[in-house]
Amino acid sequence: MNRILIIAPNWIGDAVMSQLLLANLKVIYPQSQIDVLASPWVAPIYRACTEVRQVIEARLEHKQLQWGLRKQLAKQLELNQYDACFVLPNSLKSALIPWLANIPLRIGYRGEMRFGLINFSLANPSKTNRPPMANHYLALSNVLDHSQNLDINQSADPKLNISLASQKAIDAKLVAAAIKEKIIYVFCPGAEYGVTKRWPADHFANLAQELIANKSDAHVILLGSKGDRELGEDIRAKANNDQKIHNWCGNTSLDEAIALIGMSKALISNDSGLMHIGAALKVPQVAIFGSSDPHHTPPLSDKAKVIWLNLPCSPCHKRECPLGHLKCLKDISPENVFEAIQNLH
């Protein structure tokens, strides 16, 4: 198999988890060229994957058919004469482009009425017995070639690489912000899913103050999207606007965020896409879980410490706390997390 196309998932964390699939495809088909069709917000993940020859960006919106754009993309992709396409999202519309592009082997999970669009498929696991997401994607590499006898429970960890351009860009930002010290803690206080994945802002603020008090040359940088900007300001305000706490939410590209996380002393985050980036960069990290299940989406790194209270009401996977108390996150104290950071290596 010479040319392979990947239809990327739409979430940053899922994109990181799919790197193991790319790596295993290169083992099975070492001469293959792998291209990825991805939205602009996850494209930087695949630019950080050494297995990828080309990232093709397309602004395919969530829950939008965009029939004209999909036909146009299919026409362009057909010229590349791909041998196979791995469709990672489960939606009907995600399977349209490889079908329209006449790619002969279209591999994915059965989902949303796409019989025929996907012609080599696996059954989706039940919601009550889901494997880790990395293994979920990795299993697709075995659909066409069973000779590898792949044991998907013994997979390696995802791996990302930092580009020289991204490193130079983040170095310039640090100089502009007068951050010369080498001890940088990165906090990722946001989570797109909702409040049940977000450790409280006052806890983040108290932790930041404790880290800075413990190491006089330390800085804390808050990372996230533009939507997290207000949350970052709230954390700074609760930490008395300490000049060593910097709110960079919405002020970095994802490429730059990858570079900054890669040079940090430790990453402290909720269950989010940036958490998975830290794991793939093998950065010491503390991952805080509330309503979600760390068995399904853990940070895959031996340098990661997961804090999860495993209350009787969790994981509930709800966007709002059904019981109204959010104890799964509020009861994780800044002291708990500080101690975990001190024990990282």
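Once phi is turned into ³J(HN,Hα) by the Karplus curve 6.51 cos²θ - 1.76 cosθ + 1.60 with θ = phi - 60°, what whole-Hz value does each residue of the range 67-84 show in order, with x for glycine and proline?
My calculation for the range 67-84 gives 4, x, 5, 5, 5, 5, 5, 4, 4, 5, 5, 4, 5, 7, 6, 5, 7, 8 Hz in order.
With Cα extents along the principal axes in Å in mind, check (i) 82, 51, 50; (ii) 60, 47, 39; (iii) 54, 48, 39 and report the label derived from this structure.
(ii)
Once you wrap a convex hull around the alpha carbon atoms of the range 1-80, what is its projected area averaged over all directions, in nm²?
Result: 5.2 nm².
Taking just the alpha carbons, could you work out the radius of gyration and Dmax for the range 164-342, both in angstroms?
For the range 164-342, the Cα radius of gyration and maximum Cα-Cα distance read 15.3, 47 Å.
May I ask you to derive the FRET efficiency for V143 and L65 from their Cβ-Cβ distance with R0 = 35 Å, giving the value to the nearest 0.05?
For R0 = 35 Å, the calculated efficiency reads 0.85.
222 nm [θ] for the chain, helices only, -39500 (n - 2.57) per DSSP H run of 4+, per residue, to 500?
Numbers: 13 runs with 111 residues, N = 345.
My calculation for the chain gives -9000 deg cm²/dmol from helical runs alone.
Sequence neighbours fewer than 8 away in the same chain don't count; with that in mind, list the aspartates and glutamates whose C-alpha is under 15 Å from K168.
D255, E256
What's the angle, to the nearest 10 degrees (0 to 90), between helix 201-214's Cα axis and the longest principal axis of the chain?
60 degrees
May I ask which of K26/K180; K244/K305; K180/K330 have a Cα-Cα span longer than 30 Å here?
Correct reply: K26/K180; K180/K330.
So how far, in whole Å, is the C-alpha centre of the range 1-71 from the one of the range 180-220?
So the separation of the two Cα centres works out to 32 Å.
Tell me, in nm to one decimal, what length is gained between L105 and S253 on full extension, where the rule is 0.36 nm per residue of separation less the Cα-Cα distance?
Here the segment from L105 to S253 would lengthen by 49.8 nm.
Counting Lys and Arg as +1 and Asp and Glu as -1, each charge on the Cβ, what is the dipole of the chain about the Cα centre in debye, to the nearest 20?
Charge dipole of the chain: 600 debye, to the nearest 20.
Once fully extended, how much extra length lies between C313 and E181, figured as 0.36 nm per residue of separation less the alpha-carbon to alpha-carbon distance?
43.3 nm is the gain from fully extending C313 to E181.
Can you tally the net charge around E78? Count Lys and Arg as +1, Asp and Glu as -1, for every other residue whose Cβ sits under 15 Å from the Cβ of E78.
+3
Based on Cα coordinates alone, diagonalise the gyration tensor for the range 88-129, multiply each eigenvalue by 5, take square roots, and list the semi-axes in whole Å, largest first.
With the √(5λ) rule applied to the range 88-129, the semi-axes are 20, 10, 7 Å.
How tilted is helix 229-238 with respect to the longest principal axis of the chain? Cα atoms for both, answer in degrees (0 to 90, nearest 10).
Helix 229-238 and the main axis of the chain meet at about 20 degrees.
With a cut-off of at most 13 other beta carbons within 10 Å, and DSSP calling the residue loop, which GluC sites (Glu not before Pro) in the range 52-104 qualify? Please list them.
Details: sites: E57, E61, E78; in loops: E61.
Here the sparse-neighbourhood loop sites are E61.
What does a probe at D331 reach in the range 282-298, counting residues whose amide N is under 18 Å from the point 7 Å along Cα→Cβ?
288-294
Can you return the aspartates and glutamates within cross-link range of K71? Criterion is Cα-Cα under 17 Å, with same-chain partners fewer than 8 residues away left out.
Straight-line reach from K71, under 17 Å: E57, E61.
Since every read-out is calculated from the coordinates, none of them should be taken as a lab result. Please read these numbers as outputs of a predicted model, since none were measured by experiment. Positions of Cβ are generated from backbone atoms using ideal geometry, with glycine treated the same way; all protein chains shown enter the neighbour counts.
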